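Working notes for the structure below.
Rule-based calculations on the coordinates, nothing more; no lab input. Fair warning: this is a prediction, and the values are worked out from it, not measured in the lab. Please note: Cβ atoms are built from the backbone with ideal geometry, for glycine as well, and neighbour counts cover all protein chains shown.
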Amino acid sequence: MARYTGPACKLCRREGVKLFLKGDRCLTGKCAMERRPVAPGQHGAETKKPREYGMQLREKQKTKRYYGVLENQFKSYFEKADNQEGVTGENLLSLLERRLDNVVYRMGLASSRREARQLVLHAHFTLNGKKVNIPSLIVKVGDEIALKDNVKSLEKFAGLIENMQSHVAPAWLDLNKDKAAAKIVALPKREDIDFPFDEQLIVELYSK
């Protein structure tokens, strides 16, 4: 299964914004964006006037890196969003939000999407009562995601469950904090996504 394995902090520096790829570390002074908030490379500190294509490309790169997907997968999501009814950009973000690894992250059971991806790959969760290990799986309204009972007592998961108690989930997720589970009660709406995306730039890029 393809995934990015390079240094995560360079991605944030390249996009010029915190993508929260390393969980709690991103909230401390150790964050690369706090210590060196310029693009990586010899000419990273140089300022250039952004062109239209460059702005569209950077927005696409920022979005796919935020959700941890690669190029072909992201393009596939866009094509699917474009074929759905409604606004293409909002459809795209809704699909990305409903990836299983992102749902686990939104539940508060992982400090980052990278960690959530690993937990799903190791089959620590169930979907509608059945074991699942596909991070890219798109959940739908009515689906129930839960942490498996046999791992809840492990030290790592005990800490995650404790953190979940104070976690505030988006409106489209109904959390059951006692069972470390959640149910999809609606499709994610644009206002449910608080990261500053400009999805229209992505639509313009793929419309060329």
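What number, in percent, do you get for the relative contact order of segment 99-184 if the mean sequence gap of Cα pairs under 8 Å and at least 6 apart is divided by its residue count?
Working: 131 pairs, mean separation 26.7, N = 86.
Relative CO of segment 99-184 lands at 31 percent.
Specify which residue in the list 108, 151, 94 is farthest towards the positive end of the charge dipole of segment 56-187, using unit charges on the beta carbon of Lys, Arg (+1) and Asp, Glu (-1), about the Cα centre.
151
Just how many pairs of Lys in segment 141-208 have C-alpha atoms closer than 21 Å, counting pairs that are eight or more places apart or on different chains?
9
Using the crude model of +1 on Lys and Arg Cβ and -1 on Asp and Glu Cβ, and no other charge, please compute the dipole size for segment 99-184 relative to its Cα centre, in debye to 20.
Values: 14 positive and 9 negative charges, 51 e Å.
The dipole magnitude comes to about 240 debye.
What ranking do 203, 87, 185, 103 get, fewest neighbouring Cβ atoms within 10 angstrom at the top? Each step should come with its number before you reach the end.
Numbers: 203 21, 87 15, 185 12, 103 28.
In order of increasing Cβ crowding within 10 Å: 185, 87, 203, 103.
Using alpha carbons only, how many angstrom separate the centre of segment 69-85 from the centre of segment 175-208?
14
Please label the shape of segment 99-184 as rounded, prolate or oblate, based on the square roots a ≥ b ≥ c of the eigenvalues of the alpha-carbon gyration tensor (a/c under 1.5 means rounded; beyond that, a/b larger than b/c means prolate, else oblate).
Numbers: a/c = 1.33, a/b = 1.10, b/c = 1.20.
Rounded shape, in that the Cα axes give a/c under 1.5.
Please report 94, 136 as a ranked list, fewest other C-beta atoms within 10 angstrom at the top and most at the bottom. Show your work: numbers first, answer last.
On the way: 94 22, 136 17.
Ranking 94, 136 by Cβ neighbours within 10 Å, fewest first, gives 136, 94.
By count of other Cβ within 10 Å, fewest leading, how are 126, 88 ordered? Don't jump to the answer; show the numbers that get you there.
Details: 126 16, 88 19.
Ranking 126, 88 by Cβ neighbours within 10 Å, fewest first, gives 126, 88.
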